[in-house]
Amino acid sequence: MRKGWVLFWVFLAIGAIGASGCSVAPKISDQGGLESASGLILNDHVWSLRGRLAVVKNNAAESVRIKWQHWPGREKLVVYGPLGRQLVVIVLEGRNVVVDYGADNKIILQDVTRGVDFGLGFEVPILAFRYWILGLPAPDNQFIYVPEGFIQNGWRVFFARIVKVQRYSLPKKVHLSYGDVKLKLLVDQWQLM
């Protein structure tokens, strides 16, 4: 009889530990599918996305539209403000970045380690951001998995919704936060070629 009670308490303790949510590395619900998206950046794929980016900073909100295009070895991000006015064009080639704010205000950055201002008044780590929009942590940077996302470079990246596009699981809705800056990306269209 005593042996039965010991086994009961052992199984109860194991069940309590498992139910408490203890785990070494929490995973994104569709981690395997999201990791397959790495092929979109790492291989010779051409893709684009169109979406909306809501920004909240210091309790002030703003919304912009974005278009991101990826070709092997080159990427282009265009940010549009109110009434479709182009705010900034960012071109990435390897680790080099050209930021064009228009009106002869162009900045060429080589080996970018800091962020880039999308024309919104704060910097976003563009080299990491290009992975985050695909649902991936940037390579060569440490990150920590948290439920439904990860933390990297001080940014919390949370995937609120994942959609299937061809054979890839890609983010439809992404929440990013860093201090008092909060971004919400809603992808209206993924196009894979």
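Restricting attention to the stretch 54-73, report how many residues are closer than 20 Å to G121 by Cα and either touching a helix residue (DSSP H, G or I) at 6+ places or on another chain (Cβ under 8 Å) or assigned to a strand (DSSP E or B) (or both).
13
If you scan the stretch 47-74, which residues turn out to be within 24 Å of R167 (Cβ to Cβ), in contact (Cβ under 8 Å) with a residue 24 or more places away in the chain and open to solvent by 40 Å² or more (accessible area, probe 1.4 Å)?
R50, W71, P72 - these are the residues of the stretch 47-74 that are within 24 Å of R167 (Cβ to Cβ), in contact (Cβ under 8 Å) with a residue 24 or more places away in the chain and open to solvent by 40 Å² or more (accessible area, probe 1.4 Å).
When you scan the stretch 141-151, do you find a residue that is open to solvent by less than 10 Å² (accessible area, probe 1.4 Å) and either over 17 Å from L53 (Cβ atoms) or at pLDDT 90 or above (or both), even just one?
Scanning the stretch 141-151, I find at least one residue that is open to solvent by less than 10 Å² (accessible area, probe 1.4 Å) and either over 17 Å from L53 (Cβ atoms) or at pLDDT 90 or above (or both), so the answer is yes.
Kindly indicate the residue of the stretch 108-135 that is part of a strand (DSSP E or B) and open to solvent by 70 Å² or more (accessible area, probe 1.4 Å) and also modelled with the highest pLDDT among those meeting that condition.
Ranking the candidates gives I108 first.
Need pairs with beta-carbon distance below 9 Å; first residue within 19 Å of G115 (Cα to Cα) and in contact (Cβ under 8 Å) with a residue 40 or more places away in the chain and within the stretch 149-160, second open to solvent by less than 10 Å² (accessible area, probe 1.4 Å) and in a strand (DSSP E or B); sequence gap 6+ or separate chains.
Here the result reads F150/V157, each pair linking the stretch 149-160 to a residue that is open to solvent by less than 10 Å² (accessible area, probe 1.4 Å) and in a strand (DSSP E or B).
Considering each of A103, A138 in turn, give the residue that is touching a residue at least 12 places away in the same chain (Cβ under 8 Å), of a type in the set (A, V, I, L, M) and either surrounded by fewer than 18 Cβ atoms within 10 Å (Cβ to Cβ) or touching a helix residue (DSSP H, G or I) at 6+ places or on another chain (Cβ under 7 Å) (or both).
Step by step, each of A103, A138 is checked, and only A138 is touching a residue at least 12 places away in the same chain (Cβ under 8 Å), of a type in the set (A, V, I, L, M) and either surrounded by fewer than 18 Cβ atoms within 10 Å (Cβ to Cβ) or touching a helix residue (DSSP H, G or I) at 6+ places or on another chain (Cβ under 7 Å) (or both).
Can you find a residue in the stretch 88-97 that is in contact with a Phe, Trp or Tyr (Cβ under 9 Å, 6 or more places away or on another chain), free of Cβ contacts under 8 Å to residues at least 60 places away in the same chain and not aliphatic (A, V, I, L, M)?
No, the conditions are met nowhere in the stretch 88-97.
Being more than 24 Å from L120 (Cβ to Cβ), assigned to a strand (DSSP E or B), aromatic (F, W, Y) and at pLDDT below 95, is that true of even one residue in the stretch 172-180?
No.
If you go through the stretch 74-107 one residue at a time, how many are at pLDDT 85 or above and not in a loop (DSSP other than H, G, I, E, B)?
Selection size over the stretch 74-107: 23.
The values are calculated or read from the model by the stated rules, or taken from the named source; none is laboratory data. Just so we're clear, the structure is a prediction, and the values are computed from it rather than from any experiment. Quick reminder, even Gly has a Cβ in these numbers, built from the backbone with ideal geometry, and neighbours come from all protein chains shown. Accessible surface areas use protein heavy atoms only, side chains included; no ligands, DNA or RNA. Shrake-Rupley method; radii C 1.70, N 1.55, O 1.52, S 1.80 Å.
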